[in-house]
Amino acid sequence: MSSAAEQGRICALAMECQRDLKRCVDSYPELFPPNPFDDRLFASVALANAFGSPWADAPRLLTAIKTSMWNFAADWQIDYVAETREAVRTLVGECLAVADGAGTAEPTPLTTFLAEIIDDLAARPAWAAAGPRWRDQLGRWLAAMAQEWEWKTARAGGRDDALPTFEEYLENADNFGTTWVNLSHWISVGDEATIDRIDDLWAASQEVQRVLRLLNDLATFHRDLEWGDLNALMLGLDRSDVRARIDLLIARSHDLIEPVKTDCPEAARYLERQIGFSTGFYGMTDYWGKL
């Protein structure tokens, strides 16, 4: 009974988060076309954030919700809307300019949304200490997305010699965006101890991000074939190989999370719950709707 009650409370939190998510999406309709941004995707994002921080209330999760949705929107813009290398470079450059405070001559919905997120974070006490790490991770995310675009384009053109090895692909896991969202969340709600250990939490999050990258690949292989995406299973590994690497990465994640538990128990639990939720979630489905 108590377990079911707790799960019910988390689901209720997710529904509160979904209301905030809808307001966010309604503010930038150009970024979220109905296909593939359907109600199922929105519900899944709300659930993921609620299960990651079940002790929170919806206002404390608003930044995580916003950055999650920006992550999806930017992924879509780079991976599917951008048709040329120059378009990708322009988008990356505009986002970095906004992050550096320079702005752009012609703001787009994506850069306007990013500026809103930055304004939210800059108002937090933790921004002065953790902002540089956040900015670096945004740059890593954008660079990884641009690299993914190159590999995806090479595969579409039949240039298999230009594809990455599995290790190179996994090293590019910043394109999954988990760590950037996590840093945003910690800056928004983290206490002083969390920010003091932000570098250690970043390292742990990077390992968790690799776990989630591969869990996603196992779940989305057939969709990736249909959409022309790259996937670990296209790089010479079978499912048992990928599962074995996931097990190793989970063990490494726990090794990195354990030392921060005393100082940052909430942030440590947050990372552990990301692994647990994603293991169950990707065992049945993934986030994206249909094209």
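For the chain, with a Gaussian network of springs between Cα atoms less than 10 Å apart, report the residue from Leu41, Leu163, Leu237 with the top mean-square fluctuation.
Leu237
If the convex hull of the alpha-carbon atoms of segment 102-167 is projected onto planes in all directions, what is the mean projected area in square nanometres?
Mean shadow area of the hull around the Cα atoms is 6.8 nm².
Could you list the trypsin sites (Lys or Arg not before Pro) in segment 135-167 that lie in coil according to DSSP, counting only those with at most 16 other Cβ atoms within 10 Å of their Cβ? List each step's numbers first, then the result.
Details: sites: Arg135, Arg140, Lys152, Arg155, Arg159; in loops: Arg159.
When the trypsin sites (Lys or Arg not before Pro) of segment 135-167 are filtered for loop state and at most 16 Cβ neighbours within 10 Å, Arg159 remain.
Would you work out which of Ala5, Val81, Cys24 lies farthest towards the positive end of the dipole of the chain? Charges go on Cβ: Lys and Arg +1, Asp and Glu -1.
Projecting each Cα onto the dipole axis, the largest value belongs to Ala5.
Let me make sure I get this right: for segment 163-291, a, b and c are the square roots of the gyration tensor eigenvalues over alpha carbons, sorted descending. Under 1.5 in a/c it's rounded, otherwise prolate if a/b > b/c, else oblate. Which is it?
Numbers: a/c = 2.16, a/b = 1.84, b/c = 1.17.
Judged from the Cα gyration tensor, segment 163-291 comes out prolate (a/c at least 1.5, a/b above b/c).
Rg/Rh for segment 102-237: what does it come to with C-alpha atoms and Rh from Kirkwood? Walk me through the numbers before you get to the answer.
Details: Rg = 17.1 Å, Rh = 16.5 Å.
Checking Rg against Rh, the ratio lands at 1.03.
With only Lys, Arg, Asp and Glu charged, each at its Cβ (+1 for the first two, -1 for the last two), find how big the charge dipole of segment 135-210 is about the Cα centre; round to the nearest 20 debye. Before the final figure, lay out the partial values.
Working: 7 positive and 15 negative charges, 75 e Å.
The dipole of segment 135-210 has a size of about 360 debye.
Along its principal axes, what span do the Cα atoms of the chain show, with the longest given first and each in whole Å?
Taking max minus min along each principal axis of the Cα atoms, the chain gives 52, 49, 35 Å.
Please report, in cubic angstrom per residue, the volume enclosed by the convex hull of the alpha-carbon atoms of segment 1-132. Can you show the working numbers first?
Numbers: hull volume 15.9 nm³, N = 132.
Hull volume over Cα atoms, normalised by residue count, gives 120 Å³.
So which GluC sites (Glu not before Pro) in segment 52-142 pass both tests, a DSSP loop state and at most 11 other Cβ atoms within 10 Å of the Cβ?
Within segment 52-142, the qualifying GluC sites (Glu not before Pro) (loop, at most 11 other Cβ atoms within 10 Å) are Glu83.
Roughly what would the spin-label model give for Arg23 and Arg89, points 7 Å off Cα along C-beta, in nm?
4.1
Give me the dipole magnitude in Debye, nearest 20, for the chain about the Cα centre, with unit charges on the beta carbon: positive for Lys and Arg, negative for Asp and Glu. Display every interim value, and only then the final one.
On the way: 28 positive and 46 negative charges, 108 e Å.
So the dipole magnitude of the chain works out to roughly 520 debye.
Could you compute the FRET efficiency for Ala203 and Glu168, with r as their C-beta to C-beta distance and R0 at 25 Å, rounded to 0.05?
Working: r = 20 Å, r/R0 = 0.80.
For R0 = 25 Å, the calculated efficiency reads 0.80.
Quick note: the coordinates plus some simple rules give every number you see, no bench work behind them. Only a predicted model underlies this, so the values are computations on that prediction, with no experimental measurement involved. In this analysis, Cβ positions are derived from the backbone assuming ideal geometry, glycine residues included, and neighbour counts consider all displayed protein chains.
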